[in-house]
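The values are calculated or read from the model by the stated rules, or taken from the named source; none is laboratory data. These numbers come from a predicted model, not from an experiment. Here the Cβ positions follow ideal geometry from the backbone for every residue, glycine too, while neighbour counts run over all protein chains shown. Note: areas computed on protein heavy atoms with side chains; ligands, DNA, RNA excluded. Shrake-Rupley method; radii C 1.70, N 1.55, O 1.52, S 1.80 Å.
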Amino acid sequence: MNNTDIIEIPLSKVKLSLLLLSSILFVVLSYWLLLRYINSHDSFFEGDSWFICIVSVLGFLMGLGGMYFFTKKLFDKKPGLVIDELGIIDNSGGLSIGRIYWTDIIDIYEYTVQVGIASKQRFVAITLQNPKDYIARQANPLKKKIMQSNEKYMGTPVSISANGLKISFDELLILIEEKMQNFKQS
């Protein structure tokens, strides 16, 4: 791979706008659910209202987090993903790790997470020779904790989603696998 083989995949403003809208709806529905159950029960500990309140608060906080992140990404001018002779620069999501070197990559595979009853989230998972080094370079303690959790459950702290990129998941997976093969052959 030479310098002319730099591939930049932009962030998709349409996908990010839809994700922002879904985060806003999540906040509104969580708030409505919380108010509905608080107003319908005299005691917080009555029945299952405590569980619904906790779920509503968590949903509200997650929705606010999504609103913050997707709004920030809508105004981000940097490409979502760059693939070059050194590796991948990830700027696609909330857990974007930055530069991932080809020399550090052991394996690339699809990882699927069940998100809801009928919904699945697909990730390009990247197994690293030195995952602890990638986790250690994160300054944000929450990001570091999530990456440690990803390593425990996914087998790697590094994964890339096509949700906010101007590329389909299948195209992204094939592209990264092909570029990794090119690197190994050179």
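Restricted to the range 8-43, and to residues that are touching a residue at least 60 places away in the same chain (Cβ under 8 Å) and of a type in the set (A, V, I, L, M, F, W, C), which residue is farthest from L86 (Cα to Cα)? Only one residue fits best here, namely L19. Looking only at the range 69-103, which residues are within 19 Å of S186 (Cβ to Cβ) and touching a helix residue (DSSP H, G or I) at 6+ places or on another chain (Cβ under 8 Å)? Scanning the range 69-103 gives I83, D84, E85, L86, G87, I88, I100, W102. Can you find even one residue in the range 47-59 that is hydroxyl-bearing (S, T, Y), touching a residue at least 24 places away in the same chain (Cβ under 8 Å) and closer than 20 Å to L21 by Cα? Yes: one or more hits. Across the range 107-134, the number of residues qualifying as open to solvent by 60 Å² or more (accessible area, probe 1.4 Å) and among the small types (G, A, S) comes to 1. Candidates in the range 62-84 are the residues that are of a type outside the set (S, T, Y) and open to solvent by 60 Å² or more (accessible area, probe 1.4 Å); of these, the one that is nearest to L21 (Cα to Cα) is L64.
Within the range 153-177, can you find the residues that are of a type outside the set (D, E) and within 11 Å of I126 (Cα to Cα)?
M154, G155, T156, P157, V158, S159, I160, L173, I176 - these are the residues of the range 153-177 that are of a type outside the set (D, E) and within 11 Å of I126 (Cα to Cα).
Kindly provide the set of residues from the range 147-168 that are among the basic types (K, R) and surrounded by fewer than 12 Cβ atoms within 10 Å (Cβ to Cβ), ordered by number.
K152, the sole residue that qualifies.
For the range 169-186, the set of residues classified as within 19 Å of the chain's Cα centre (by Cα), open to solvent by 80 Å² or more (accessible area, probe 1.4 Å) and in contact (Cβ under 8 Å) with a residue 60 or more places away in the chain is empty. Within the range 97-106, can you find the residues that are touching an Asp or Glu at 6+ places or on another chain (Cβ under 7 Å) and buried (at least 18 other Cβ atoms within 10 Å of the Cβ)? Answer for the range 97-106, where residues must be touching an Asp or Glu at 6+ places or on another chain (Cβ under 7 Å) and buried (at least 18 other Cβ atoms within 10 Å of the Cβ): I97, I100.
When restricted to residues that are part of a helix (DSSP H, G or I) and not polar (S, T, N, Q), the range 157-186 contains 14. Right, S22: touching a Gly at 6+ places or on another chain (Cβ under 6 Å), at pLDDT 85 or above and assigned to a helix (DSSP H, G or I) or not? Against the criterion (touching a Gly at 6+ places or on another chain (Cβ under 6 Å), at pLDDT 85 or above and assigned to a helix (DSSP H, G or I)), S22 does not qualify.
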